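The values are calculated or read from the model by the stated rules, or taken from the named source; none is laboratory data. All figures in this text were calculated on a predicted structure; none of them were measured in a lab. We place every Cβ from the backbone using ideal geometry, glycine too, and count neighbours over all the protein chains shown. Surface accessibility is based on the protein's heavy atoms, side chains included, excluding ligands, DNA and RNA. Shrake-Rupley method; radii C 1.70, N 1.55, O 1.52, S 1.80 Å.
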Amino acid sequence: MAIDFTSLSVRVSGLFASHFFGVGLFLPFIPVVLGFRGLSAAEIGLVLGIGTIARIAASPLLSNLSDRTGQRRLSILIYSLAAAAFIALYFLPLGIVFLAIAVIGYMVMNAPVVPLSDAYALDVQRNSGADYARMRLWGSAGFVVASIVGGALAAEGTSWLLVVFVGLASLATGAVAMSLPRQRRGALPGDAADGDPDTGTDAEAEKETPFRSLWFWPLLVVLGLYQASHSAFYGFGTIYWQAMKVPDFAIGLLWAIGVTAEIALFTVAGKLSQRFDPPLFLLAAGTAATLRWLLFPFADSVVAMTGLQLLHGLSFGAAHLGAVAILARIVPSRWAGTGQGLLATSIGIQMAIGLSISGALYEINPDWPFYLMSVVAVIGTLATLAMTPMLRRRIG
């Protein structure tokens, strides 16, 4: 069946946009929503803590289940519908238990959607020459739009609409997923007619997975370190700026500037990847993160803060692109969802550890967590330098 790859890229972009719109509403604002329903700070922390642990565990398991069945887009539909069903429990007047089930269930069923979407998009890039980064940037754009919408709705009288839009975003994600062509193992997306089993074997499909290889697990830790180096900022960046008397509006702009820098990198990443290989993306990310967090406590003006926020394009964006590109080359396409799910778990575990340590350090000295993040970035960079020869042999 002939495929319009331009249309396919647009639909994959829509998949990322719809999913991250929901994430952009849920992550920043669900604590506010739960607070309006009467949960205490301790109860909110307990619910989100359990949800985070469950999400970290669920991501590789549910992604692997999808890979084993070969039904990637159908899996995204099922997981998205389940997430929407769980979040709908919020509206039942049945107390904290059902609120917890709603939130935790949503977090669990949402966990594999990004790894599976990444795996699908990377297959599209591999088979058609489409630009993964340009598809993925629409996820970042969706997150920014959601942040603006969420900020407007985060009041007691309208907070229920946040939950409605989170559920609608999950439904939209499932609908977009089912508009995509099936991916046949070892074939172009869309080569198999709907209803036919995902069959077909070639050298890619038969390639041995690296999951049992000793070198793979340290690599997974190193890839997760780059994102974990942002944990102090995600947990305490806004609080730190507020303590410096930065206006809330300016703080919102600073967050938006960081994501805009990320989108700008994604826009040109396709051309950059023709000149620089994935390890160089990681090294650029590590260098940017080291400088960003080392200088963060010294930025005492909005202009200086803006300059450091522009480094987010490299510290986050280049790290993400380098990591997914490496996994795309060393993990067979059939198991790509599992590989991306394991990366998400590595990031989640290290992010949770980073947040815990940063919280303890912040109580002692608010500057110390950011210095620690700079050290983490240095460790990741040095580890990448050591692993680069091996990586280049394995990714070709």
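Out of all the residues in the range 269-304, which are under 24 Å from V222 (Cβ atoms), of a type in the set (S, T, N, Q) and not in a helix (DSSP H, G or I)? I'd like the intermediate steps shown before the answer.
Our first condition is that a residue be under 24 Å from V222 (Cβ atoms); within the range 269-304, this holds for 269, 272-273, 275-296.
Those still in the list that are of a type in the set (S, T, N, Q) too: 273, 287, 290.
Across the range 269-304, the qualifying residue is only S273.
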- Note on the structure: If we ask which residues in the range 85-110 are open to solvent by less than 30 Å² (accessible area, probe 1.4 Å), more than 19 Å from the chain's Cα centre (by Cα) and not β-branched (V, I, T), their number turns out to be 4
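Would you point out the residue of the range 319-367, among those that are in a loop (DSSP other than H, G, I, E, B) and either touching a strand residue (DSSP E or B) at 6+ places or on another chain (Cβ under 7 Å) or surrounded by fewer than 22 Cβ atoms within 10 Å (Cβ to Cβ) (or both), that is modelled with the lowest pLDDT? Show your work before the answer.
Of the residues in the range 319-367, the ones in a loop (DSSP other than H, G, I, E, B) are 331-332, 365-367.
Of the ones still in play, those that are also either touching a strand residue (DSSP E or B) at 6+ places or on another chain (Cβ under 7 Å) or surrounded by fewer than 22 Cβ atoms within 10 Å (Cβ to Cβ) (or both) are 332, 365-367.
Working: P332: 86, N365: 92, P366: 90, D367: 93.
Residue satisfying both the conditions and the ranking: P332.
For the range 57-76, which positions are surrounded by fewer than 20 Cβ atoms within 10 Å (Cβ to Cβ) and out of contact with any strand residue (DSSP E or B) (no Cβ under 9 Å at 6 or more places or on another chain)? Give the steps one after another, and end with the answer.
Step one: of the range 57-76, the residues surrounded by fewer than 20 Cβ atoms within 10 Å (Cβ to Cβ) are 57, 61, 64-65, 68-71, 74.
Within the range 57-76, A57, L61, N64, L65, R68, T69, Q71, L74 qualify.
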- Name the helices (runs of 4 or more DSSP H) wholly within the range 1-111 that hold at least 3 residues that are more than 23 Å from L171 (Cβ to Cβ)? 5-36, 41-69
- Which of (1) open to solvent by 60 Å² or more (accessible area, probe 1.4 Å); (2) modelled with pLDDT under 90; (3) within 16 Å of the chain's Cα centre (by Cα) does W138 not meet, given it meets every other one? (2)
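Considering S9, S13, which residue is surrounded by 17 or more Cβ atoms within 10 Å (Cβ to Cβ), touching an Asp or Glu at 6+ places or on another chain (Cβ under 9 Å) and not aliphatic (A, V, I, L, M)? Before the answer, list the steps.
Working: S13 fails: touching an Asp or Glu at 6+ places or on another chain (Cβ under 9 Å).
Matching residue, one of S9, S13: S9.
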- Message: Given (1) of a type in the set (D, E, K, R); (2) out of contact with any Pro (no Cβ under 9 Å at 6 or more places or on another chain); (3) farther than 24 Å from L46 by Cα, identify the lone condition not met by E363.
- Response: (3)
- S301 passes all but one of (1) open to solvent by less than 30 Å² (accessible area, probe 1.4 Å); (2) at pLDDT 90 or above; (3) of a type in the set (S, T, N, Q); which number fails? (1)
- Query: Just checking, which of S18, S117, S59, S13 is closer than 27 Å to W335 by Cβ and touching a Leu at 6+ places or on another chain (Cβ under 7 Å)?
  - Reply: S117
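Every residue, every condition in (1) closer than 22 Å to S13 by Cα; (2) out of contact with any Pro (no Cβ under 9 Å at 6 or more places or on another chain); (3) modelled with pLDDT of 85 or more; (4) open to solvent by 30 Å² or more (accessible area, probe 1.4 Å), yes or no:
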site: L219; (1), (2), (3), (4): no, no, yes, no
site: D248; (1), (2), (3), (4): no, yes, no, yes
site: G258; (1), (2), (3), (4): yes, yes, yes, no
site: A261; (1), (2), (3), (4): yes, yes, yes, no
site: A264; (1), (2), (3), (4): yes, yes, yes, yes
site: S273; (1), (2), (3), (4): yes, yes, no, yes
site: T287; (1), (2), (3), (4): no, yes, yes, yes
- Query: Is the range 25-46 home to any residue that is under 30 Å from G129 (Cβ atoms), of a type in the set (V, I, T) and in contact (Cβ under 8 Å) with a residue 60 or more places away in the chain?
  - Reply: no
- Within the range 308-336, how many residues turn out to be more than 26 Å from L385 (Cβ to Cβ) and free of Cβ contacts under 8 Å to residues at least 40 places away in the same chain? 0
- Within the range 42-56, residues being touching a Leu at 6+ places or on another chain (Cβ under 8 Å) and surrounded by fewer than 19 Cβ atoms within 10 Å (Cβ to Cβ) number 1
- touching a Gly at 6+ places or on another chain (Cβ under 8 Å) and either modelled with pLDDT under 95 or under 15 Å from V23 (Cβ atoms) (or both) - does that describe any residue in the range 122-131? yes
